[in-house]
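The values are calculated or read from the model by the stated rules, or taken from the named source; none is laboratory data. Bear in mind the structure is a predicted one, so any value in this text is a computation, not a measurement. Here the Cβ positions follow ideal geometry from the backbone for every residue, glycine too, while neighbour counts run over all protein chains shown.
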Amino acid sequence: MNTAANFATPACAQGEILPSARKAGAVAGQCARVALMLASSVCLLACQTVQTTRSGAVGVERSQRMAISSERIDSEARQQYQQIIQLEQRKGRLNANPGQLARVRRITERIIPQTAVFRPEAPRWEWEVNVITSNDVNAWCMPGGKIAVYTGLIDKLNITDDELAAVLGHEIAHALREHARERASEQAGTQILANVIDIIGAAKGIQGAGKIASTGLQLGIGLPNSREHETEADRIGIELAARAGYNPQAAVVLWQKMAQVGGGQPLPFLSTHPAPGDRQNDLRAYAQRVMPLYEKSR
Ligand SMILES: [Zn+2]
């Protein structure tokens, strides 16, 4: 995979050292220093600190360090999305119920214009919304606005429009905040570190030490969300739903339903969404805060 992180691997990392123990130590030390310098300069060149979204009424403000471009993440997501959609279509599991699809699209179409509050350009993204026939209680929005809702989420939770808006708002918020890109950037940082460990490892005769330290760069799509990302998605999602005319209190009920239907079994949705104990309180407080927006939008 061609990434900025790969630039941190100088040629001397690939095994041309170790002609003699003493010389190897000196060369490896030099290599490690070079790698560290490269790693930090790659970050200086490639990492940028950004604010992906405006703060909105819920006041989400946190600057993010990005080492990978939006374009790269979005294009990867576009390809992955297409592959998933084509596969599901071949299996006859795509948009099998026109009524369900129309319902999900209608709610999404009301939320999308509200994204302008956080990102003025977001309503013009190439949004796509599809429903996949599956028992999984799951939904996601890939970077750039590629959405999938699983029928298990709709059927098993006997989900209301307000609750569906809460799920969609939450998932769309992850995309607006570019959380996947942020996680991928963290992984890229890990990869740079792994390269340095490889070089140090090579000096000590341990091959692939860096590989043990890191399983490599992933694009942050489908990886578990951090608690911080979850809280941001909860708050922004609640505001999006409220502005679109959906009762923000539904978010509280939604997570309760999720916990119940799980019944000790790990739900795919919850496995990528760690639910902290204080989540309910946070949802309640922020739902209250955006109630005036909901009242105004009705
Ligand atoms: Zn989430």
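Please find, within segment 201-252, the residue that is nearest to the ligand (Cβ to nearest atom) out of those that are of a type in the set (A, V, I, L, M, F, W, C), at pLDDT below 55 and more than 23 Å from the chain's Cα centre (by Cα).
Checked segment 201-252; the qualifying residue nearest to the ligand (Cβ to nearest atom) is Ile212.
Under 8 Å by Cβ, and 6 or more places apart or on different chains, what pairs join a residue from segment 157-184 that is on the phi > 0 side of the Ramachandran plot with one that is away from the ligand (no atom under 12 Å from the Cβ)?
Glu178/Thr52; Glu178/Gln64; Glu178/Met66; Glu178/Ser70; Glu178/Ile73; Glu178/Pro143
For the subset of segment 146-182 comprising residues that are of a type in the set (D, E, K, R) and within 12 Å of the ligand (Cβ to nearest atom), which member is farthest from Pro98 (Cα to Cα)?
Arg177
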